[in-house]
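Below: the structure, in structure tokens.
The values are calculated or read from the model by the stated rules, or taken from the named source; none is laboratory data. Predicted, not measured: the structure shown is a model, and the values here were computed from it. Here the Cβ positions follow ideal geometry from the backbone for every residue, glycine too, while neighbour counts run over all protein chains shown.
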Amino acid sequence: MDAKHDVLVVGAGCAGMRAAIEAFDAGADVAMISKIHPTRSHSGAAEGGINAALGNASDDDPEAHAYDTVKGSDYLGDQDAIEILCNEAPDDVYELEHWGAVFSRTEDGRIAQRPFGAAGAPRTAYAADITGHVLVQVLYEQVVKRDILTYEEYFAWKLVVDDGRCQGVICWDLLNGGLKVIGAKTVILATGGAGRLYTGTTNAYACTGDGMALALRVGVPLKDMEMMQFHPTTLAPTGVLITEGCRGEGAYLLNAEGERFLKRYAPNAMELASRDVISRAEQTEIDEGRGVDGNVLLDLRHLGAEKIIERLHGTRELAQTFAGIDPIYEPIPVRPGAHYHMGGVDTDVWGLTSLEGLYCAGEAACVSVHGANRLGGNALMETITYGKRSGRHAAEWALSNTTVTVPEGIVTDAERELRELLGRTEGERPWKIRDELARTMHENFGVFRREDQMQRQGEIVAGLRERYRTVVVEDKGTLFNSDLTQALELGFLLELAQCMVVCGLARKESRGAHARPHDYPDRDDENFLRHTLVTWRDGPQLDWKPVTMTKWQPQERTY
Amino acid sequence: MKQVAYYKGCLAALSAKELDTSTQALAPKVGLELIDLESVTCCGAGDIHEAEPDYYLHLNARILAYAEATGSDTLMTICNVCTLNLRQADFMLKGDDALRERVNTNLAAVGVPPYSGAVEVKHFLWLVADGEGFELLKASAHKGLKGIKIAPFYGCQILRPSKLLGFEDPDKPWSLERIIEACGGEVVDYPAKVKCCGFPIIQAREDTALGELIQPIEQAIEGGADAIVTPCPLCHLSLDAWQSKLNAQRKDEGLDPLQPMPIFHLSQLIGVAAGLEDSELKFRRHVVSMKPVLEKLEV
Amino acid sequence: MEAATQPREKTMQVKIKIWRFDSQTGERALKEYEIEAPEWVTLLDVLDMIKDQQDGSLAYRKSCRMMICGSCGMRMDGAAVLACKTRMYDIVQAGHVPVISAMGNLPIVKDLVVDMEPFWEKFKAMKPWLQPGYEEPPEGKEYRVSQERMNVIHKEALCINCGCCVSECNAMESSPEFLGPQALAKGMRFVGDARDGATVERLEDYSDEHGIWECTRCYFCNERCPKGVDPRDAIAKLGAEAVKEGIDRDMGAKHAKWFIKSTETTGWLRETELVPKTQGVISAISQMKFAMGLAKKGKVPLPIPPHVAENVDEARGLHRLVHEQGRLGYEGIVQGEGALAKLDHHLREEEEEEEETT
């Protein structure tokens, strides 16, 4: 063991940092591991805002927030977890403000809130269109204040399990090289999503589902893996995010005929309908020939230069740099892109997984607060509330005098595996497998899904996994070997993809982000009001888990 | 002749008088009629901009207002720092109605004519590097520079921030090179020509400043330059007057002194190529002797 | 690069040179690369393609590829940029082969990866966390601050810690311990935050030997920053606030205050007295030899008779008004930010005006 802690947080984005801060404040010896410097985490790319029933823009209350979230989840969300989120959200947001978060303000100096998709009231607290950036900054400031130890540029590769408990993490030191073993009484996975499974994703290169794969590989179940949200407004070809905040400020979505086509799909909420509804509408317009070069148009012109410059400055910069468009004068071509993974490691309302000592929070987790579709602004809220909760629970558990053991064998096995991988000179470079995975997932497991395509995708992924067995890492060195870590990330993605396809095939209905208009166009509450659960035993094994319902019965979902 | 309001700034009036005399003598040859501005003060340099920025704004608004009052459409500067300061104030006032109104009210209260944004601030360098000024420069440089090697040193605040200055690409400027060649000199190119001479901190943080100052001088020497030319009297002061300090430091470190590097003001370089008198060029005011390069020029 | 080339997508031949370096072996070499890439690629995409297809050992940082994480700072032709923001099309069209190297002022680990430790150490030295100067807000809710008041730190809050400013800082190159543009801008983020109660302590800290007054005002940081933070202006704001708070023992502050005094008395800078006023009489005396060297050339103008501008009373009057109106400290700089930002907006005002007249 190179080091030992009470609580070890893997991933230092909003969820990871919030968990670490909480664990620290609870008195635990806490450390974070991150394969990138904390402020580089993709939480920082979130733009539009964070939801809480503060009531600054209109009358609001946590129950209304909860209802919108339950409905938004297409009734797959666990209502107890959702109620907790919505009840704790306001205080959690105030706490961020007390720590100094630079929110935008109302006329009377309170935290400004804007309307967002599928929300009955404007409750998305924001900082212009860089809310994620602002939150990452304030959380990092609090981490620095507490001088929380961070193993920076350490790549978490395997979980250590002994005696039925998670006992730590085996990492590769990316900066200097070498395997490092960090023991811990509790481990909190906060590694984000897996958008890199797709071409055209809003996600960073770092979003390769590491924590989910780590948990999967030690037998921990993953939940609702088929639920990948496609954000309606991303830039072609790479998928850079254009915030929902644009629509919150009043932007329109137009097809090639200049029509606000959402009046045919979501006549009441229009551009502020739920994301899955809008992405499907867009994809339909594009597929039926009313798109513009495979996109629809996001029109901000009527908002005026002043408002765009004041509130959507980041958006303008992105559109100018990556699409060569100034949104003050021209509409932005956008299309659906893989954005957020509702699925993840199955946890309870404290972030605890089925493995003692192992927690998960943030996008990597599936509590589930988002069910089959997430509301804009709820992801950031989940990172804070559930980051905090898992941090506290993990700290309290760890402080109850448990030991840490890391069996010799686990380390030597890892070393051998690494030597074998690095020693290989004949084989395939990872990028071909990676690109093929992303392209085929985009084609066969995207906004609309069909039985035959999903079947084919399962076979394709299996084939890619076979090819992965002879993947070659060209860089044999120790200094900043990102060639190695990128190869390991690909391994994670392949296993997660296999799980997703299995779950997608098993869910024979359309619910939220899982849309099967050709074979199962309707929601089937009788048979499928339950979560998919996948555990890895030589391949993905499927199971089911009931949805917790407290107040709300499933209704028809229209916007 | 183009009439320009002439803002000479602090140094040209006193310690760098040679800059003023050479500019005044050269001006008519390049088609410029200089209208002196008496009722103006120091522009405040980076110092007042940093210490009392609201006062800096008012001082510069006053200079701009008096320049406007001459009826000219151009305020000509001969110092980088003055150029940046005046242009920045000009943009602040042009772009904000409420701010401009407030400043004008204050100007009126002390008896200063109003500012209306009618003049554009341009460094002498810009007026002679292009257009008609450049044509006249070429015609006037009849004595030429006889192929002497000149290393251009721009100085930070004629290039950056480029959105406030905007005359040329701050990383690939061309104006000094063009002028050197037009006057018959040979350009010595080197990386530090766009870097800082250290003048703003030469008193408060001398060591740091000297660490910056040595770069253009060493590189000019390495490049075989006979002299450096600069459009800023502050850069001139550090390059010229502080060479002795550089050598004192080197002595402490057991190094040989640097080969002396003569420093031209821009107006002197053009002036000597145009045959100005010694009484106008006043080379004797330089700390580092100009003799070696003047001998090459047979002056 | 993750997006596979689409059929019929236009491509171009991209040539770049990269300074390779290994801090373990000390080996350094300039290598040239050529690759066929889609026309929309950025420098980061090109690096990805080279690493994937030609040389897996190429080391660089990346993450978001959308100019928000700050990972991919590096130098192109000696000037720091974000690789993900740098489109290659125009460069290729111009036939230019850019030279890519690691950022400056930080030790290089490998190729384009620098050791960010000194960078983060300076960041931490600013005590970059809110030190609330208020009692708990009522009902545990948010502290009330107007948008206008928060806008004081609007620019400093944009900082993504990419290091482009630090890379190019001339003062830091000469004095490696200089806190630098990024750290000081972060400091201003707190000094300008209405909720922070530690302003005076911060300004005292930031006024140390390697703080505010070591900035050489080269404006490279403003020029290089990919987010419009304008760190030099943040440093000036700190200087203004320090002087306002009377934290002005530093030579840099004294130097600045003499300029102010000069404008009120003679209008022009009273150069000769500048040295003793800045450095103190004793230090000035120790500079005698140097001063004599300058005096011989007439570069030390006698303070008598004073060189006085006309109507200096107007300047005095303005100074009085400015103080009465109380826009002191950083407010004097913040008040101009709206106007100066318009220079960045690149609005098509001229085009529209033309359209109106035709």
Query raised in the report: Of all residues in region A:390-421 being modelled with pLDDT under 95 and hydroxyl-bearing (Ser, Thr, Tyr), which is farthest from residue A:1 (Cα to Cα)?
Result: A:400
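How many residues does region A:116-135 contain that are assigned to a loop (DSSP other than H, G, I, E, B) and either surrounded by fewer than 24 Cβ atoms within 10 Å (Cβ to Cβ) or among the small types (Gly, Ala, Ser) (or both)? Full working, then the answer.
Kept after step one, since they are assigned to a loop (DSSP other than H, G, I, E, B), are these residues of region A:116-135: A:116-123, A:126-130.
The next check asks that each one be either surrounded by fewer than 24 Cβ atoms within 10 Å (Cβ to Cβ) or among the small types (Gly, Ala, Ser) (or both); those that pass are A:117-122, A:127-128.
Counting residues in region A:116-135 that are assigned to a loop (DSSP other than H, G, I, E, B) and either surrounded by fewer than 24 Cβ atoms within 10 Å (Cβ to Cβ) or among the small types (Gly, Ala, Ser) (or both) gives 8.
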Report summary line: Filtering region A:55-73 down to residues that are crowded, with 24+ Cβ neighbours inside 10 Å, more than 16 Å from the chain's Cα centre (by Cα) and outside any helix (DSSP H, G or I) yields none
Report task. Identify the residue in region C:180-219 that is closer than 29 Å to residue C:79 by Cα and of a type in the set (Val, Ile, Thr) and, among all such residues, is surrounded by the fewest Cβ atoms within 10 Å (Cβ to Cβ). Result -> C:212
Query raised in the report: Restricting attention to region A:311-324, does a residue exist that is at pLDDT below 95, more than 27 Å from the chain's Cα centre (by Cα) and farther than 30 Å from residue A:159 by Cβ?
Result: yes
Query raised in the report: Is at least one residue of region C:268-290 outside any loop (DSSP other than H, G, I, E, B), hydroxyl-bearing (Ser, Thr, Tyr) and facing chain B (nearest Cβ under 7 Å)?
Result: yes
Report summary line: Over region C:34-83, the set of residues at positive phi and more than 8 Å from chain A (Cβ to nearest Cβ) is C:77, C:78
Report task. Kindly indicate the residue of region A:372-429 that is charged (D, E, K, R) and closer than 16 Å to residue A:50 by Cα and also surrounded by the fewest Cβ atoms within 10 Å (Cβ to Cβ) among those meeting that condition. Result -> A:388
**Report entry** Neighbours by Cβ (under 7 Å, 6+ apart or cross-chain): first from region A:134-145, free of Cβ contacts under 8 Å to residues at least 60 places away in the same chain; second part of a helix (DSSP H, G or I)
**Finding:** A:134/C:157; A:138/A:96; A:144/C:124
**Report entry** Enumeration of residues in region A:40-54 that are charged (D, E, K, R) and in a helix (DSSP H, G or I)
**Finding:** A:40
Report task. For residues that are outside any loop (DSSP other than H, G, I, E, B), in contact (Cβ under 8 Å) with a residue 24 or more places away in the chain and facing another protein chain (nearest Cβ under 8 Å), tally how many sit in region C:119-148. Result -> 2
Query raised in the report: Is there a residue being within 22 Å of residue B:169 (Cβ to Cβ) and either at the interface with chain A (Cβ under 9 Å from one of its Cβ atoms) or surrounded by fewer than 22 Cβ atoms within 10 Å (Cβ to Cβ) (or both) anywhere in region C:104-118?
Result: yes
Requested in this report: Check C:320, C:348 and return the single one that is surrounded by fewer than 16 Cβ atoms within 10 Å (Cβ to Cβ) and either over 30 Å from residue B:108 (Cα atoms) or hydroxyl-bearing (Ser, Thr, Tyr) (or both).
Outcome: C:348
Query raised in the report: Does region A:400-409 contain at least one residue that is within 30 Å of residue A:163 (Cα to Cα) and part of a helix (DSSP H, G or I)?
Result: yes
Report summary line: If you go through A:275, A:264, the only one that is surrounded by fewer than 23 Cβ atoms within 10 Å (Cβ to Cβ), charged (D, E, K, R) and either under 18 Å from the mean Cα position of the chain (by Cα) or closer than 27 Å to residue A:516 by Cα (or both) is A:264
Query raised in the report: Can residue A:436 be described as farther than 30 Å from residue A:185 by Cβ and either at pLDDT below 95 or assigned to a helix (DSSP H, G or I) (or both)?
Result: yes
Requested in this report: Within region B:116-123, identify whether any single residue is assigned by TED's automatic domain parsing to the domain that holds residue B:52, touching a residue at least 24 places away in the same chain (Cβ under 8 Å), surrounded by fewer than 18 Cβ atoms within 10 Å (Cβ to Cβ) and on the phi > 0 side of the Ramachandran plot, and answer yes or no.
Outcome: yes
Report task. Report yes if residue B:128 is under 30 Å from residue C:313 (Cα atoms), modelled with pLDDT of 95 or more, aliphatic (A, V, I, L, M) and buried (at least 17 other Cβ atoms within 10 Å of the Cβ), otherwise no. Result -> no
Query raised in the report: Does residue B:112 fit the bill of being under 25 Å from residue B:31 (Cβ atoms), assigned by TED's automatic domain parsing to the domain that holds residue B:38 and either under 20 Å from the mean Cα position of the chain (by Cα) or buried (at least 16 other Cβ atoms within 10 Å of the Cβ) (or both)?
Result: no
Report summary line: Condition set part of a helix (DSSP H, G or I) and touching a Leu at 6+ places or on another chain (Cβ under 9 Å), scope region C:240-251, selection surrounded by the most Cβ atoms within 10 Å (Cβ to Cβ): answer is C:242
Query raised in the report: Among the strands (runs of 3 or more DSSP E) contained in region C:66-115, which hold 2 or more residues that are touching a Cys at 6+ places or on another chain (Cβ under 7 Å) and touching a residue at least 12 places away in the same chain (Cβ under 8 Å)?
Result: C:79-82
Requested in this report: Could you please give the count of residues in region B:150-180 that are outside any loop (DSSP other than H, G, I, E, B) and of a type in the set (Gly, Ala, Ser)?
Outcome: 3
Report summary line: Residue set C:272, C:263; condition touching a Cys at 6+ places or on another chain (Cβ under 9 Å), among the β-branched types (Val, Ile, Thr) and either touching a residue at least 12 places away in the same chain (Cβ under 8 Å) or not assigned by TED's automatic domain parsing to the domain that holds residue C:315 (or both); output residue C:263
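Can we say residue B:92 is within 22 Å of residue C:338 (Cα to Cα) and outside the structural domain of residue B:135 (by TED's automatic domain parsing)?
yes
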Query raised in the report: What tally of residues in region A:538-554 results from selecting those that are part of a loop (DSSP other than H, G, I, E, B) and either at pLDDT below 95 or surrounded by 13 or more Cβ atoms within 10 Å (Cβ to Cβ) (or both)?
Result: 7
Report task. Confirm whether residue A:91 is out of contact with any Gly (no Cβ under 6 Å at 6 or more places or on another chain), within 14 Å of another protein chain (Cβ to nearest Cβ), among the charged types (D, E, K, R) and without any contact (Cβ under 8 Å) to a residue 40 or more places away in the chain. Result -> yes
Query raised in the report: Does any residue in region A:479-499 that is more than 22 Å from residue C:111 (Cα to Cα) and in a helix (DSSP H, G or I) come within less than 6 Å, Cβ to Cβ, of a residue that is at pLDDT 95 or above and of a type in the set (Lys, Arg) six or more places away or on a different chain, and which pairs are these?
Result: A:490/A:434; A:494/A:465
